[in-house]
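*Asks:* Let me begin by handing over the structure; questions about it come next.
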Amino acid sequence: MDELALNDYVIIDDFLREDRLNVLQAFFKEHLEAFTKAGIGALNDQMIRSDIRGDFTYWLDRKRDTPLDSIWSLIDETIHIYNRYCYLGLSGYEFHLAHYPTGGHYDKHLDQFNNRNNRTISMIFYLNKNWQKGDGGELEIYQEDGSTLLVEPLEARCVMFKSAVVPHAVLASNKPRYSLTGWLLQQPSKLGQFSLT
Ligand code: OGA
Ligand code: MN
């Protein structure tokens with residue numbers, strides 16, 4: 001919490017315990033066929049732009065995706081802690097699985113839409129076994145002092161940052177790259193698609 005408050009982002013290694021990791025990786029494999037090309041913009045304002053963003057996503061639904069119950073409770077706990085110690089008033093979330101095929105990248109952006117500004121904390125869990133130097137796919141964080149930080153998408157690592165103020169990009173990945181990515185929200189999206197606590 002302190003680090004996020006100070007730097008606007010925080011990186012936590014081994015955030016995912018073995019059992020949660022296994023559940024997520026198995027779920028990922030089972031659903032890979034159902035992923036669709038990710039767009040940019042909010043739900044009613046979607047555009048597919050492969051030059052900007054190359055990943056495929058699978059939106060999660062808490063009621064449907066009960067095999068992920070241990071993940072949902074981890075997210076609940078995280079929201080609870082943010083609200084308790086940072087008074088963020090988080091009241092919902094939206095999460096998807098993301099698959100960047102080889103060569104996939106995501107240009108520099110903020111996790112905010114023009115017409116919806118309730119994304120407060122971005123939360124990314126990486127699921128990549130044996131990620132090596134040279135595999136690419138780093139998350140590039142643009143820091144306030146003008147420097148950038150490259151974060152490797154290592155298995156079980158979690159990155160959180162303030163959605164509205166931290167510009168970031170995903171560098172081209174040299175092999176398939178897997179993550180669970182989501183946003184903790186300050187007001188529910190009211191779009192029907194997302195499951196909220
Ligand atoms: C995103 C994003 C970063 C990552 O999905 O908006 O910036 O490291 N993802 O996967
Ligand atoms: Mn992003």
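*Asks:* Heavy-atom accessible area per residue, the chain, 1.4 Å probe: how many Å²?
*Replies:* 50 Å²
*Asks:* If the limit is 21 Å between Cα atoms, which of K29/K133; K108/K162; K133/K175; K133/K162 go over it?
*Replies:* Over 21 Å apart, Cα to Cα: K29/K133; K133/K162.
*Asks:* Report, as a whole number in µm² per second, the diffusion coefficient that Stokes-Einstein gives for region 31-100 at 4 °C and 1.567 mPa s using the Kirkwood radius over alpha carbon pairs.
*Replies:* 92 µm²/s
*Asks:* Where a Cα-Cα gap under 15 Å defines reach, which aspartates and glutamates qualify for K129, not counting those fewer than 8 residues away within the same chain?
*Replies:* D13, D14, E18, D19, E138, E152, E155
*Asks:* Now for a separate question. Take the eigenvalues of the Cα gyration tensor for region 4-67, scale each by 5, and report the square roots as semi-axes in whole Å, largest first.
*Replies:* Whole-Å semi-axes of the equivalent ellipsoid: 25, 21, 12.
*Asks:* If R0 is 22 Å, what FRET efficiency do you get for T66 and L32 from their C-beta distance, rounded to 0.05?
*Replies:* 0.70
*Asks:* Treating only the Cα positions of region 38-197 as identical point scatterers, give the base-10 log of I(q)/I(0) from the Debye formula at each q in 0.15, 0.19, 0.20 Å⁻¹.
*Replies:* Log10 I(q)/I(0), no solvent term: -0.84, -1.38, -1.51.
*Asks:* Among 78-91, 116-129, 165-178, how do they line up by average Cβ neighbours within 10 Å per residue, starting with the highest?
*Replies:* Result, highest mean first: 116-129, 165-178, 78-91.
*Asks:* Full extension from K133 to Y85: what is 0.36 nm times the residue separation minus their Cα-Cα distance, to one decimal in nm?
*Replies:* Full-extension gain reported as 13.7 nm.
*Asks:* Can you give me the relative contact order of region 1-71 as a percent, contacts being Cα pairs under 8 Å and 6 or more apart?
*Replies:* 27 percent
*Asks:* Below 8 Å between Cα atoms, with a sequence gap of 6+, how large is the relative contact order for the chain in percent?
*Replies:* 30 percent
The values are calculated or read from the model by the stated rules, or taken from the named source; none is laboratory data. Just so you know, these numbers come straight off a predicted model, no measurement behind them. So basically every Cβ, Gly included, is an ideal-geometry build from the backbone, and we count neighbours across all protein chains shown. When the accessible area is computed, the model is the full protein with side chains, heavy atoms only, and any ligands, DNA or RNA have been set aside. Shrake-Rupley method; radii C 1.70, N 1.55, O 1.52, S 1.80 Å.
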